[in-house]
Amino acid sequence: MKRELWSLLLLAMLVQPLTLAYTAEPTQDAIKKSRYEKLELFNKVLYLIESQYYREVDTEKLIEGAINGMMNTLDPHSAFLDKEIFAKMQEETSGEFGGLGIEVTQKDGLLVIITPIEDSPAYKAGIKPGDKIVEINHESMVGVSLEQAIDHLRGKTKSKITLGIAREGSEGVKNFELTREIVYLKPVKFELLKDNFAYIRLTQFQKKSAEYIIDAIKKMRATITDKTGLRGIILDLRSNPGGLLDEAVDVSSIFLKDGIVVSTEGRDPKNKEIRYVKKSGHKELDVPVVVLINGSTASASEIVSGALQDSKRAIIMGAQSFGKGSVQSVAKIDDQIGVKLTIAQYMTPSGKKIQAVGIKPDVIIDEVEAEFVDNNRKESTFIREKDLKNHLTASIETEDEKKIREENELKERIERTERYRLIREKKKKGKLKEVAITSNNDDDDNKKINPKDDYQVNQAINYLKNIGLIKSLKF
């Protein structure tokens, strides 16, 4: 009897693939029927929980949890927006908001800081890119959803909050006490450096960012008294998390005469939205430009970098950028809730996708201290788009491409681990300067950037000084 049973099972296993091979594509009716069956399954599970769970449950919370779970299977930037989150979204990109001044994402169930906004409470306290928030007010944040964690971070102005931070290379959890403030974003900082080189740092793409840059250039030009004029512009987009797409187009248009700034590709590759250079307004077409980027340069910053790189209008220097090249749209379910959904991917003018790839610099320059360069090399620990769980790839991968990508990622992780080990050994031997973690304004790494002492800025100036010798670039 057993033998007969095993024979029947074996026959079933052999016949099944053959049957599947000749099965026609499922019809729309079949797809709808399957969907209804799955919804019926959901309804049965919900009924079992409501009727047999050992205590009363909140059905609304159960359904919201199910929706959040569904959104979590998509990508890190798609999310269900409940009443509170939907309302708070209205505060973003206005140039002023209450909070701590940090850009955050989630990786492997942990809240990871992409970058602190300059002059914000987090920046002044010594919070760094790559820091992991494991506790908020001594409550564990491990496994908490991104939306819930952000909700914990927000609060009334002048109220205090304690962040438990885990940092690469440091043991244990360090507590930072911060006071929530109205964060006034100052998107542009500028300085005319020696020999008439303009340094412009853009911290975020908010409203009127392009106008601030134009105003900065005009003010610096007005201070030049000799005949040489403005010799070059350094546009610093390091740790710029992005912002408004319109501002990315406007900033790019300052330095470009015409052409494409960025295009988007959605579900149907034939339907592309193209954003062009604005031909009117202030133009800087003749002055050489260097754009500085790093692993926290994301989104709108990558659009500008890609547009100027593809048009050969600027040289891109620094480290590979974050790789956030997806487009999100907020769909209102009603007046109080909605869904943020990834609907497309950005592409540079030449058609290169940014998502999970980022912008590769023309000239790679490590982040190092200007003084004692060899003994003070900094190991960047940026979290990039490709490190996020369920991140979108730039295109649909074949199995061979997936295998190659996974092998390369494994190799990168091994190399990164080895670099960290070597750096830790050097620190123990006193060959590298150890920067103390503090919760005040004395952290050297978080003082206001002084472009004169910035190694990468100095390298950009050296490039601009010798640009006439480089024939391969056309400005």
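Answer with yes or no whether LYS219 is among the basic types (Lys, Arg), free of Cβ contacts under 8 Å to residues at least 60 places away in the same chain and within 21 Å of ASN450 (Cα to Cα).
Details: among the basic types (Lys, Arg): yes; free of Cβ contacts under 8 Å to residues at least 60 places away in the same chain: yes; within 21 Å of ASN450 (Cα to Cα): yes.
Considered against the rule, which asks whether it is among the basic types (Lys, Arg), free of Cβ contacts under 8 Å to residues at least 60 places away in the same chain and within 21 Å of ASN450 (Cα to Cα), LYS219 comes out as yes.
Look through SER305, SER301, SER296, SER252 and report the one residue that is modelled with pLDDT under 95 and closer than 30 Å to TYR455 by Cβ.
Just one listed residue meets the conditions, SER296.
Could you say which residue among LYS278, LYS257 is closer than 19 Å to LYS312 by Cβ, of a type outside the set (Gly, Ala, Ser) and not in a helix (DSSP H, G or I)? Give the derivation first.
Numbers: LYS278 fails: closer than 19 Å to LYS312 by Cβ.
Result of the check over LYS278, LYS257: LYS257.
Given GLN345, GLN328, which one is surrounded by fewer than 20 Cβ atoms within 10 Å (Cβ to Cβ) and under 21 Å from ASN72 (Cβ atoms)?
Of GLN345, GLN328, the one residue that is surrounded by fewer than 20 Cβ atoms within 10 Å (Cβ to Cβ) and under 21 Å from ASN72 (Cβ atoms) is GLN328.
Looking only at residues in region 171-221 that are among the β-branched types (Val, Ile, Thr) and in contact with a Phe, Trp or Tyr (Cβ under 9 Å, 6 or more places away or on another chain), which one is surrounded by the fewest Cβ atoms within 10 Å (Cβ to Cβ)?
In the first step, residues of region 171-221 are kept if they are among the β-branched types (Val, Ile, Thr); the result is 173, 179, 182-183, 188, 200, 203, 213-214, 217.
After this cut, where a residue has to be in contact with a Phe, Trp or Tyr (Cβ under 9 Å, 6 or more places away or on another chain) as well, the list is 182-183, 188, 200, 213, 217.
Details: ILE182: 10, VAL183: 22, VAL188: 20, ILE200: 20, ILE213: 24, ILE217: 21.
The extreme case among them is ILE182.
All but one of (1) over 22 Å from the mean Cα position of the chain (by Cα); (2) touching a residue at least 12 places away in the same chain (Cβ under 8 Å) hold for ASN271, so report the exception by its number.
(2)
Looking at LEU178 and the list (1) under 24 Å from ARG384 (Cβ atoms); (2) of a type in the set (A, V, I, L, M, F, W, C); (3) in contact with a helix residue (DSSP H, G or I) (Cβ under 7 Å, 6 or more places away or on another chain), which single condition is not satisfied?
Of the numbered conditions (1) under 24 Å from ARG384 (Cβ atoms); (2) of a type in the set (A, V, I, L, M, F, W, C); (3) in contact with a helix residue (DSSP H, G or I) (Cβ under 7 Å, 6 or more places away or on another chain), the odd one out for LEU178 is (1).
Here are LEU230, LEU178: which of them is in contact (Cβ under 8 Å) with a residue 40 or more places away in the chain and part of a strand (DSSP E or B)?
LEU178
Which members of region 299-325 meet the condition of being part of a helix (DSSP H, G or I) and surrounded by 22 or more Cβ atoms within 10 Å (Cβ to Cβ)? Walk me through how you get there before you give the answer.
Restricting attention to region 299-325, the residues satisfying the condition of being part of a helix (DSSP H, G or I) are 300-310.
The answer is ALA300, SER301, GLU302, ILE303, VAL304, SER305, GLY306, ALA307, LEU308, GLN309.
If you go through region 283-298 one residue at a time, how many are touching a Ser or Thr at 6+ places or on another chain (Cβ under 9 Å), touching a residue at least 40 places away in the same chain (Cβ under 8 Å) and outside any strand (DSSP E or B)?
5
Could we say that VAL291 is more than 17 Å from the chain's Cα centre (by Cα), farther than 30 Å from GLU84 by Cβ and buried (at least 19 other Cβ atoms within 10 Å of the Cβ) here? First the steps, then the outcome.
On the way: more than 17 Å from the chain's Cα centre (by Cα): yes; farther than 30 Å from GLU84 by Cβ: yes; buried (at least 19 other Cβ atoms within 10 Å of the Cβ): yes.
So VAL291 fits the description; yes.
Could we say that LEU237 is crowded, with 18+ Cβ neighbours inside 10 Å, of a type outside the set (Gly, Ala, Ser), at pLDDT 90 or above and under 21 Å from the mean Cα position of the chain (by Cα) here?
yes
The values are calculated or read from the model by the stated rules, or taken from the named source; none is laboratory data. A quick note: this is a predicted structure, and the numbers were derived from the prediction, not measured. Every residue, glycine as well, gets a Cβ built from its backbone with ideal geometry; the counts of neighbours run over all protein chains shown.
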